[in-house]
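Since the structure comes first, as structure tokens, the remarks are kept for the end.
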Amino acid sequence: MLEKTFIEVYTKFKLNFYRGIFARLNERESSLSASEAFAVEVIYSLGEPTIGQFAEFLQISLPNATYKVNTLVKKGYIEKVNSSADRREYHLRITAKFTDYYAINQSYITTVMKRISERFTKEEVNQLVNMLGIISRELMPESNDKL
């Protein structure tokens, strides 16, 4: 029952995000393919990774990662910023163009969070926050060092 309910909630968030992504796909050069949309979301979630960290996380080759990054730079969704520690290294930073694009997802999350606050008591909301924190920190250790 828990697994089924969790999958249902997770799927609804994904489907809403995907619907927003595909609604914005068009033939213009600056639009994102589904693969590019996932790649830029990974870069955003990793918080200014290097190209090497991005490649390692996705378990793809460095040349493949570099190609994806260059495409996203050309389309204006990310920028390469020189590392202050090592000028030969670049960090990948999202741009305002991506932030606008990502608002598709954030808007729905904000809507659902507002509904949660209206539907449940403050104590229930606090319990949910505590449970989600435990899930994130303790029960999903594979991602703790990446996010």
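The values are calculated or read from the model by the stated rules, or taken from the named source; none is laboratory data. Because the structure is predicted, anything quoted here is derived from the model rather than measured. No Cβ is skipped: glycine too gets one built from the backbone with ideal geometry, and neighbour counts run over all protein chains shown. For the accessible areas, the whole protein counts, side chains as well, though only heavy atoms, and no ligand, DNA or RNA atoms are used. Shrake-Rupley method; radii C 1.70, N 1.55, O 1.52, S 1.80 Å.
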So residue 109 fits all but one of (1) among the hydrophobic types (A, V, I, L, M, F, W, C); (2) touching a Phe, Trp or Tyr at 6+ places or on another chain (Cβ under 9 Å); (3) over 29 Å from residue 53 (Cβ atoms); what number is the exception?
(3)
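Does residue 21 satisfy the criteria of being at pLDDT below 90 and on the phi < 0 side of the Ramachandran plot? Write out each step before concluding.
Details: at pLDDT below 90: yes; on the phi < 0 side of the Ramachandran plot: yes.
The answer is yes for residue 21.
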Determine which member of the set 74, 80 is of a type in the set (Lys, Arg) and loosely packed, with under 15 Cβ neighbours inside 10 Å.
74
By residue number, the members of segment 73-96 that are in contact with a strand residue (DSSP E or B) (Cβ under 9 Å, 6 or more places away or on another chain), under 15 Å from residue 32 (Cα atoms) and either small (Gly, Ala, Ser) or touching a residue at least 12 places away in the same chain (Cβ under 8 Å) (or both) are 77, 78, 94, 95
Test residue 127 against the stated conditions and say whether it is open to solvent by 70 Å² or more (accessible area, probe 1.4 Å), without any contact (Cβ under 8 Å) to a residue 40 or more places away in the chain and closer than 20 Å to residue 40 by Cα.
no
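Does residue 67 qualify as being assigned to a helix (DSSP H, G or I), of a type in the set (Ser, Thr, Tyr) and either surrounded by 14 or more Cβ atoms within 10 Å (Cβ to Cβ) or touching a strand residue (DSSP E or B) at 6+ places or on another chain (Cβ under 9 Å) (or both)? Please lay out each step first, then the result.
Values: assigned to a helix (DSSP H, G or I): yes; of a type in the set (Ser, Thr, Tyr): yes; either surrounded by 14 or more Cβ atoms within 10 Å (Cβ to Cβ) or touching a strand residue (DSSP E or B) at 6+ places or on another chain (Cβ under 9 Å) (or both): no.
In short, no.
With the structure loaded, tell me whether residue 99 is under 30 Å from residue 73 (Cβ atoms), part of a helix (DSSP H, G or I), of a type outside the set (Gly, Ala, Ser) and without any contact (Cβ under 8 Å) to a residue 60 or more places away in the chain or whether it fails that test. Give the derivation first.
Working: under 30 Å from residue 73 (Cβ atoms): yes; part of a helix (DSSP H, G or I): yes; of a type outside the set (Gly, Ala, Ser): yes; without any contact (Cβ under 8 Å) to a residue 60 or more places away in the chain: yes.
When the stated conditions are applied, residue 99 passes them.
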For residue 104, work out the one condition from (1) free of Cβ contacts under 8 Å to residues at least 24 places away in the same chain; (2) part of a helix (DSSP H, G or I) it doesn't fulfil.
(1)
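Suppose we keep only residues that are more than 25 Å from residue 20 (Cα to Cα) and more than 22 Å from the chain's Cα centre (by Cα) within segment 84-117. Which one would you say is most open to solvent (accessible area, probe 1.4 Å)?
Checked segment 84-117; the qualifying residue most open to solvent (accessible area, probe 1.4 Å) is 88.
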